[in-house]
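First the structure, in the form of structure tokens, and then the observations on it.
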Amino acid sequence: NDNAPLFTKSIYYVTLKENARLRHFRVEATDADNGDAGIVTYQISGGNDKGVFSINNVTGDVTNVKILDYEKLGGHVTLDVTAQDGGTDVRHSTTAQVVIRIDDVNDNPPKFPRSTQTSFQVQENIFGPKIAKFTAYDVDSGDNGRVTYSIVSGNDDSIFTISPLDGELRIAHGVELDREQRSDYNVTILAMDGGENPLNDTIVTQIHVVDTNDNSPQLTKFPNRINLSEDTVIGYPVYRVVALDPDSGNFGQMEFSIDDVDKTFSINKKSGQIYLVKSLDRESVSEYNLHVIVRDNPSDLSNSRTSRRTLQVDCIIVDDVNDETPQFVGIPYIGEITENSPPGTQVQFLTSPILAVDADDGANSYVTYSIVTSSYFVIDHQTGTLRTIVNIGSFVTSHRILYFHYPFISDREEMLDDVIEVTVRASDGTMTSETVARVTVKDLNDNPPRFASRRVRTRVPEDMTCCRVIARMSASDPDKDDNGRLFYTIVSGAHDRFVVDRETGIISVAPGQSLDREMTSQYKLVVRATDHAANPLSSTAVVMVTVDDVNDSRPRFLSTFQQISIHENSPVGSKVTTLVATDDDLDPDLLKVSNYFQIDVIDQNDNSPTIRNDNGDVISGDVIMDVEEEIAVGSVLGRFIVDDVDQGLNCDVTYEIGGPGRRLVGIVLRMRVNDVNDNRPVFTQSNYDMEIPEDAEPGSFVTSVTASDRDDAAYGDVTYTLHGDLGFFTIHPNLGDVRVAKPLDREIIPEHQLTIVASDNARGTKNNRRTTTKKVVMTLSDVNDNVPIFTGPLVTSFEVFENSTPGSLLSMVTAADRDHGRFGHVTYSLRAFADFFSIDPISGDVTISRQIVASQRHPLVGDVVIFATDGGGRESNMTLTVEIIDVNDHVPKFEAPTFNVIRIPEEEPGGLFVTQARAIDDDIGLNAVVRYRLHDPDMTNQNAFFIDDVSGRLLTSRKLDRELRHTYSVVIQAHDLGRPQLQSSRILTVILDDVNDNRPAFVSSGAQATQAISIPEDAAIGSIVGHVTRATDRDESARIFYHILTQDVTGEQIFKLEGEKIILAGNLDREHVDSYQLIVGATNNANFTPADVRVNDVVRPIDLMWDPSRDDSLLRLYVTVDDVIDEPPRFSRNVYVTAVEGNTQPRTKLIKVNVTDDDVGDHVTYSIVHTTFHRPDNTTWKRRNAFVIDPTTTRCRTMSPSNGGSTGNSRDDYALLSNISTSYHSLYFTLTVQARDSANQSASCKVIVHILRRSKKIQFVLDSPPDVVRAQQEKFSELLRSMTGSIVSVDYVNPHVTSDEEIEDNRSDVIIRIFDPKDDIENILQNLKGASPELRRMFRGYSFV
């Protein structure tokens, strides 16, 4: 076993598609040994880490056992396959490489990331802005991973465009968005890869158009002329201007103004209502030109648009026309009645009174009223006034259905429901309508409050502080609202010590007050609960508050100072006096307290005293003293001086009058009585009450009062003071004259209760005065000093439907005059708008006096001025604003179009004008404003049309295609803006006229239309080589012409078309061009000459000019040129030089000659026809079997000893090569190699094989693919030969294998062999490693790594 297995190839290449099965691929190795030693087995020894491949160990068949995935395997796999023989002692093995290239299959679709933004805002009126850039990712490679983008839906009008390469979405060139036409778009973007069967992904993006102020407001339904009656009242609404602005937000907000020189008219800037503000005088001015201006975006005048129109107003005299229909107005009707109201009481309506209007003329417009259901009310047939026929409150309702036979209940508080529903019917004699009036029974304050307890007792400590709760009083009142809402007051007993919370009834100590049991131990509080009614009711309860004692008083002596007398010589232990102290607390704790007293010792009276007067004279006779009457007991009458000769205490003298048992000296006193102030003043009249006029001037005399006093002198002088008059009166202090001090008002205080105080002893002290009081009531008589004050109605703005029945109640006006009697009697009158309304002078009921028609000749809004006058002629006024409401009773009438069938061309851009609808409405205001819409509830027309709701212009909404649909039935509705809306319809038939809008299209079953033909390369010029596949055209009577748009050749034209025939126009040479790709276009133009037709070049591929995948009017025509064997084989060189070492092994590879044959499929065979051996002596030797050439691969090898048959020549030649002396340097062989094709055409070259001693293999790594390197390898070898002076041969050129055993197809491994005849290999290697200029140039030229 001395031979190792040899593979037929060192590297095997195989290519297959991913997901495919590797079949019928085999590696082969042979072993020259016999027996088991020559049996070869195979195994994969490397490169199969993922276990994708397996090999049959006997046959060498390689197959994949797992699915091939290009993305995971990286496009190629290099396997190391080892062939091992079956030797017993020694086994030999050889390794070859299997390079498996995997072609990518389009098995992964593009994917948009989930994070891709899908909503964008784009401002309108900007040309071509960029919206967004979309990126989808495809993990496939090559065309399979190359993603292109397109828009597949939402772009019917070609508004958007997307870059097919980078996915940048923009507004199309020359296009700007208009939010008013369309505010939102949903655009579907398709990402498609370039695979043969392309895969795709879609994403939907929302594009919101941002509004700009690009539309001026337009005045719609604007009359050029309006007629006004000369007697039109001021305030009349002349006309309501309507404007529309399709912009949104503030850009669509509008304000109106008017340019009127003499200010006769004004306009409401918000509503556009024009009013008359000055009286008209036709004789002075008969015509007015009003310039009406409307401005949008009023908040930002720098970005505002305006429109202006002129309105002519003519003053004329016209008669009223009654043309409206009747109906209830002012619904809902809500009224109220006070409970227990007597029969005949009129129901007061909080909203508009019951009123129905009839738009008929004459007697048919008169409306009468009746009640359908209710036994409690009666209605005035003419005015609609609702009155009671029973005592409301004396019945009960159940489930809002009234029955007269229900038992009466005497009180509202017992009712189940206080709302009565009354069905009222209005009739004009034949036609009737009904409505429901709701009457609320108002509560009457007929229930006084009731305390939960009428008597409450509570106890509080006397030291309780402010605001602490003492008691909580609670009362209830079953009445409603203010009649049942209570407040609390303390009537009496509080003595300012207590207060009560008005709302809660909580009683507490008043702020700043305190309790003192020693002063008052109990309080009796009378608490009153009163409701809030206008005529309040109340009730009282008693709260007994007992003040509990707190030890807060100090003890005190009853006498703070005492003088005690004791007789001299009194025995020890005699009682002198008794001290008494007291404490005000109930259970006092005695505290320390001190007191002072004096003890006088009385001398024994043994000497008589001597009496003297103040002058010191001894008194011996009678003494006369003046004593005032009624002097108080204990008063000092006089002073006497008494002397006693006793010494010490005995000289002290005491005095008595007539006291016995003592030593005394007596005198006689005579008392003369003086007057004291012991009588009160007495008024001379018992009653001074009187009546005075309320307009009495300040200072005017009212009355005089007189009082007398029986005392003498100053004690009898009387003075007067006045109390309780709040400063309205004064009194003269001496004369008693009462006068007015400040203005009086009977309506505020009808009477004054005065208290006149008469006091005597004016010059004396206050303590020595006596007073008498007299109550005087001053009643004020009324004078007419108040104007009437209006109290109702609360609502002063009313809407009256036109043709309201005369006599219908508009409002009930009430006014009150605070004066009394006839001065307080109020009557009513009308002094404006009196042509249409009247007022009852007594009740104040404002009614319609004649029928009103809403028209341009009468004001739609007016002021009814009502005057209230009292009996004294004083008056006041109020204004009721009345708006006449137009009744929507006219259906819009179409005036245009006058025809029902309309023809328009197809394929026009959206917005094509179809027709304009025009309808008129005989109503006025919004009832006369006509709007238009399309009626297509089943979407039959698929939104093919839209109509301007204001102008009535009917337009197409998109391009219409007659080939899809040729006729549309369009229903236009004209409706007004009234309530309810009235409408009429017009049916139009829209027919599409055909235009040549469809290009011819080739029928294709795939992404694009293709056709393939083949022709022999020797076909004659002018011959018909095929026919173009016919295209179709959806247009009627369309003719189709075919044109060659591009053909990828250089130079002259090769093909032309005559109709559908393909004509050969130039010579074919398959070896020069083996196939052609033509783009054929189908058009309707016989003279079509595309401007972009050009010969294809490398820079601009045909697909970018004419792409059948994007245009179905294009056909990709593949023309294959079939080969004819007309080209001989060609060697790349005439002479090849190589070398071989002496003693070389059999079958050693020497050189591969390169042969090409331009014919396709031509079988070329190779052979060595001559072999000549050249000796050093220049002799030759013909040898046939020294070398062999592979008949298919052109690889030359040394001959195997077994080759050559039985002649023995091959063995001799092999022995010759093996035994050549290594000392010879000029030995070589010359081989003549011949290549012959199937047509027996041949070529030959010469191969020189030098026999040398040594050779060296060198590996180069080049940064170029192997096919590029092979094309230049001969030139590369020559360069190395010239540099080294040696024989150089290239063993092989393969893809580069890295140190990690990965194959890089874009690099090459080049193995060269250098033979040096001079046997100087090492020096050659050193030269190659140097930096010679030739080597550097070589490295730059060949991109050495």
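Odds and ends about this structure:
- Convex hull per residue volume in Å³, alpha carbons only, for region 1-155: 134 Å³
- Computed from the C-beta positions of residue 227 and residue 387, the FRET efficiency with R₀ = 35 Å rounds to 0.20.
- Fraction of accessible area attributable to carbon and sulfur, the chain (%, probe 1.4 Å): 48 percent
- Rg followed by Dmax, in Å, when region 261-300 is reduced to its Cα trace: 12.9, 43
- Difference of contour (0.36 nm per residue) and Cα-Cα distance, residue 430 to residue 615: 53.8 nm
- Working ranking of peptides 1160-1173, 525-538 by packing, defined as the average number of other Cβ atoms within 10 Å per residue, highest first, is 525-538, 1160-1173.
- Angle in degrees between helix 1333-1342 and the longest Cα principal axis of the chain, rounded to the nearest 10: 70 degrees
- Which of 1283, 878, 473 is most accessible, then next, and so on - probe 1.4 Å: 1283, 878, 473
- Distance in nm between pseudo-label sites at residue 1087 and residue 1107 (7 Å out along the Cβ direction from Cα): 3.2 nm
- Pairwise FRET efficiency - residue 751 versus residue 825, Cβ, R0 = 25 Å, nearest 0.05: 0.65
- 976, 678, reordered so the largest accessible area comes first (probe 1.4 Å): 678, 976
- Modelled spin-label separation between residue 19 and residue 629, with each label point placed 7 Å from Cα along the Cα-to-Cβ direction: 14.8 nm.
- Remark on region 180-293: ratio of C-alpha radius of gyration to 2.2 N^0.38 Å is 1.96.
- Model label points for residue 773 and residue 303, set 7 angstrom from Cα along the Cα-to-Cβ axis, are 8.0 nm apart.
- Lysines whose Cα lies under 26 Å from that of residue 1246, excluding same-chain neighbours fewer than 8 positions away: 9, 1149, 1152, 1182, 1256, 1257, 1275, 1318
- Note on residue 938/residue 1034: beta-carbon distance plugged into 1/(1 + (r/R0)^6) with R0 of 30 Å gives a FRET efficiency of 0.70.
- Extension reserve of the residue 380-residue 175 stretch, reckoned as 0.36 nm per residue once the Cα distance is removed: 66.8 nm
- For the chain: accessible area per residue (Å², 1.4 Å): 53 Å²
- For the chain, the longest principal axis of the alpha carbon atoms and the long axis of helix 1209-1218 meet at an angle near 60°.
- Computed from the Cα positions only, the extents of the chain along the three principal axes stand at 219, 116, 66 Å, in decreasing order.
- Kirkwood Rh (inverse of mean 1/r, distinct Cα pairs), region 1024-1071, angstrom: 12.6 Å
- Cα-based Rg and Dmax for region 13-58, where Dmax is the largest Cα-Cα distance (Å): 13.8, 42
- The residues 802, 1060, 875, sorted by heavy-atom accessible surface at 1.4 Å with ligands and nucleic acids left out, run 875, 1060, 802 from largest to smallest.
- Near residue 293: Cβ cut-off under 12 Å, other residues only, Lys/Arg at +1 and Asp/Glu at -1. The net charge is +1.
- Subtracting the Cα-Cα distance of residue 120 and residue 1063 from their residue separation scaled by 0.36 nm leaves 334.1 nm.
- Computed per residue of the chain from DSSP H runs no shorter than four, each worth -39500 (n - 2.57), the mean residue ellipticity at 222 nm is -1000 deg cm²/dmol.
The values are calculated or read from the model by the stated rules, or taken from the named source; none is laboratory data. Since the model is a prediction, treat every value here as computed from it, not as a measurement. Note that we place each Cβ from the backbone using ideal geometry, even for glycine, and neighbour counts take in every protein chain shown. To get the accessible areas, we keep the full protein, side chains included, count just its heavy atoms, and leave off ligands, DNA and RNA. Shrake-Rupley method; radii C 1.70, N 1.55, O 1.52, S 1.80 Å.
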